[in-house]
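Participant: Here it is: the structure, laid out below.
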Amino acid sequence: MAIEITARKREAQGTGPSRRLRNAGKVPGILYGGDQGPVNIELDHKDLFINLKNERFHASILTLELAGTKEQVLLRAVNMHPFKLQVQHVDFQRVVKDKKIHMNVPLHFVNAEKSPGVKEQGGVVSHVLNELDVICLPDDLPEYIEVDLGNLAVGHSMHVRELALPKGVALALHKDENPVVATVIVPALITEEEEAAAAAEAVAPSEIPATEQAAPPKEGEAPAEGEKAAPKAAPKAAEKPEKPEKPEKKEKK
């Protein structure tokens with residue numbers, strides 16, 4: 001079942017009118033393509049934002065109601081605010097039934113848990129691609145393409161040209177292109193030796209015992225071999241004699 005959206009024609013153009021539209025909870029957009037000229041439109045932000053969360057909205061033929069008529073369209077571009085959850089602008093393209101279209105179709109991965117690489121060899125699946133660019137007529141456009149990983153072993157990969165495509169759907173690839181879709185890898189295991197080495201590196205400097213030093217030799221003893229004799233202490237300066245106390249003066253009567 002096609003997803004239906006409603007739009008209205010937008011007369012005013014430019015930065016100022018578009019800002020006022022957004023402040024009023026609307027989204028400026030454009031409808032182009034087919035045998036007609038481009039039309040400036042506006043949509044309700046709340047309804048559009050909810051639809052954008054649906055995977056089918058991005059990869060299906062939509063029904064756009066505009067001025068009492070319904071047209072088949074594709075979502076072609078969405079501009080979001082840099083940090084707000086706000087749609088700034090949206091583009092739709094008209095669909096002509098007898099003309100082929102380019103479309104990015106999502107990939108759905110199945111049977112990964114049944115594959116030998118995961119079930120028997122302890123591997124994990126790494127998804128390299130999540131969508132695929134295809135060419136087809138509008139009526140042949142699939143909602144998604146299924147990727148069966150049931151026979152994938154560790155170290156092996158699934159390539160684009162190995163996928164079973166629906167009837168009427170072709171890959172939008174160059175002649176020699178065959179990118180990887182998914183692969184099964186084994187996560188790195190930490191050995192006991194690596195754990196011990198990591199623990200040794202983590203010891204704080206304060207916990208490392210200091211090198212023992214030999215005690216200084218006693219007076220009259222020779223220093224041990226390889227050690228330098230401790231420097232002798234400098235003689236103390238001769239103490240100055242204390243000044244005699246002055247006799248107390250007698251009080252005159």
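The values are calculated or read from the model by the stated rules, or taken from the named source; none is laboratory data. Keep in mind the model is a prediction, meaning the values are calculated, not measured. Neighbour counts run over all protein chains shown; Cβ positions are idealised from the backbone, glycine included. Accessible surface is based on the protein model in full, side chains and every heavy atom, while ligands, DNA and RNA are left aside. Shrake-Rupley method; radii C 1.70, N 1.55, O 1.52, S 1.80 Å.
Participant: Against the empirical 2.2 N^0.38 Å scaling, what ratio does the C-alpha Rg of segment 54-111 come to?
Facilitator: Values: Rg = 14.1 Å, N = 58, 2.2 N^0.38 = 10.3 Å.
The value comes to 1.37.
Participant: In addition: Can you tell me what the convex hull of the Cα atoms of segment 1-123 projects to on average, as an area in nm²? Kindly include the intermediate steps, with their values, before the conclusion.
Facilitator: Numbers: hull surface 44.5 nm².
Orientation-averaged projected area of the Cα hull: 11.1 nm².
Participant: Before anything else, pin down the relative contact order of segment 15-95: Cα pairs under 8 Å, at least 6 apart, normalised by residue count, whole percent.
Facilitator: Values: 130 pairs, mean separation 24.5, N = 81.
Value for segment 15-95: 30 percent.
Participant: While we're on this one: For segment 1-85, what is the accessible area per residue in Å² when the probe is 1.4 Å? Walk me through the intermediate numbers first.
Facilitator: Values: 5190 Å² over 85 residues.
Accessible area per residue, segment 1-85: 61 Å².
Participant: What is the ratio of the Cα radius of gyration of segment 51-192 to 2.2 N^0.38 Å, with N the residue count, to two decimals?
Facilitator: Numbers: Rg = 19.1 Å, N = 142, 2.2 N^0.38 = 14.5 Å.
So the Cα radius of gyration is 1.32 times the expected 2.2 N^0.38 Å.
Participant: Here's another thing I want to ask about it. If you average the sequence gap of Cα pairs under 8 Å that are 6 or more apart and divide by the length of segment 1-142, what percent do you get for the contact order?
Facilitator: Values: 233 pairs, mean separation 31.3, N = 142.
Relative contact order of segment 1-142: 22 percent.
Participant: Something else about it: Quick one: what Rg and Dmax do you get for segment 26-92 from the alpha carbons, in Å?
Facilitator: In Å, with Rg to one decimal and Dmax whole: 11.9, 37.
Participant: How many percent of the accessible area of segment 67-132 is carbon or sulfur, using a 1.4 Å probe? Each step should come with its number before you reach the end.
Facilitator: Details: 2000 of 4030 Å².
Carbon and sulfur together cover 50 percent of it.
Participant: Evaluated at 4 °C with a viscosity of 1.567 mPa s, what Stokes-Einstein diffusion coefficient in µm²/s does segment 100-156 have when Rh comes from the Kirkwood expression over alpha-carbon pairs?
Facilitator: Values: Rh = 12.7 Å.
Result for D is 102 µm²/s.
Participant: Rounded to the nearest 0.05, what FRET efficiency is calculated for D44 and E120 with R0 set to 45 Å and r the Cβ-Cβ distance?
Facilitator: Numbers: r = 52 Å, r/R0 = 1.16.
The formula returns an efficiency of 0.30 here.
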